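What follows is a single structure, written as structure tokens, with notes after it.
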Amino acid sequence: QVQLVESGGGLVQPGGSLRLSCAASGIIFSIHVMGWYRQAPGKQRELVASITTGGTTNYAESVKSRFTISRDNAKNTVYLQMNGLKPEDTAVYYCKAGRFPSSYWGQGTQVTVSS
């Protein structure tokens with residue numbers, strides 16, 4: 001059974017930082033592309049950042065230079081370091097593991113940026 005479990009969300013003031021983690025089980029983690037997505041109320045889910053099996057990263061324009069995605073294959077975990085948070089970053093953040101033709105999603109973790 002595949003499980004992706006996100007953690008690290010919460011309430012933070014504008015300009016603050018959070019580090020999200022996503023622990024995977026039931027898959028061969030190292031051969032999956034990993035991604036972080038987010039969905040704000042009333043909006044579509046969007047890609048925030050992704051990292052390939054070789055470590056190549058990709059970011060949404062809105063988070064470049066503020067967010068960093070990384071992976072630890074020994075711990076079956078992907079991280080999202082979020083700095084300089086803005087109110088518009090408020091959303092539920094989801095972890096995704098993908099290897100064609102399959103993909104798996106976590107349950108999400110809430111991030112709220114507010115003073």
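The values are calculated or read from the model by the stated rules, or taken from the named source; none is laboratory data. Quick caveat, the model's predicted, so the values are computed rather than measured. We place every Cβ from the backbone using ideal geometry, glycine too, and count neighbours over all the protein chains shown. Areas reflect the complete protein model, heavy atoms only, side chains present, ligands, DNA and RNA absent. Shrake-Rupley method; radii C 1.70, N 1.55, O 1.52, S 1.80 Å.
Couple of notes before you dig in:
- For residue 11, the conditions (1) within 21 Å of residue 83 (Cβ to Cβ); (2) open to solvent by less than 60 Å² (accessible area, probe 1.4 Å); (3) part of a strand (DSSP E or B) are fulfilled apart from (2).
- When segment 68-113 is filtered for residues that are assigned to a loop (DSSP other than H, G, I, E, B) and open to solvent by 60 Å² or more (accessible area, probe 1.4 Å), the ones remaining, listed by number, are 73, 74, 75, 83, 86, 100, 101, 107.
- Among the residues of segment 11-30, those that are closer than 22 Å to residue 59 by Cβ and either in contact (Cβ under 8 Å) with a residue 60 or more places away in the chain or of a type in the set (Lys, Arg) (or both) comprise 12, 14, 15, 16, 17, 18, 19, 20, 22, 24, 29.
- A residue that is in contact (Cβ under 8 Å) with a residue 12 or more places away in the chain, touching a Gly at 6+ places or on another chain (Cβ under 9 Å) and over 25 Å from residue 3 (Cβ atoms) can be found somewhere in segment 69-83.
- No other residue among 26, 42, 16 is closer than 17 Å to residue 105 by Cβ, surrounded by fewer than 19 Cβ atoms within 10 Å (Cβ to Cβ) and of a type in the set (Gly, Ala, Ser) apart from 26.
- Close Cβ contacts (under 7 Å, 6 or more residues apart or on different chains) running from residues in segment 45-67 that are closer than 16 Å to residue 94 by Cβ and open to solvent by 50 Å² or more (accessible area, probe 1.4 Å) to residues that are of a type outside the set (D, E, K, R) and in a loop (DSSP other than H, G, I, E, B) comprise 46/60; 47/60.
Every residue, every condition in (1) assigned to a loop (DSSP other than H, G, I, E, B); (2) farther than 13 Å from residue 98 by Cβ; (3) touching a Phe, Trp or Tyr at 6+ places or on another chain (Cβ under 9 Å); (4) not hydrophobic (A, V, I, L, M, F, W, C), yes or no:
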| site | (1), (2), (3), (4) |
| --- | --- |
| 19 | no, yes, yes, yes |
| 35 | no, no, yes, yes |
| 38 | no, yes, yes, yes |
| 44 | yes, yes, no, yes |
| 47 | no, no, yes, no |
| 50 | no, no, yes, yes |
| 54 | yes, yes, no, yes |
| 61 | yes, yes, no, yes |
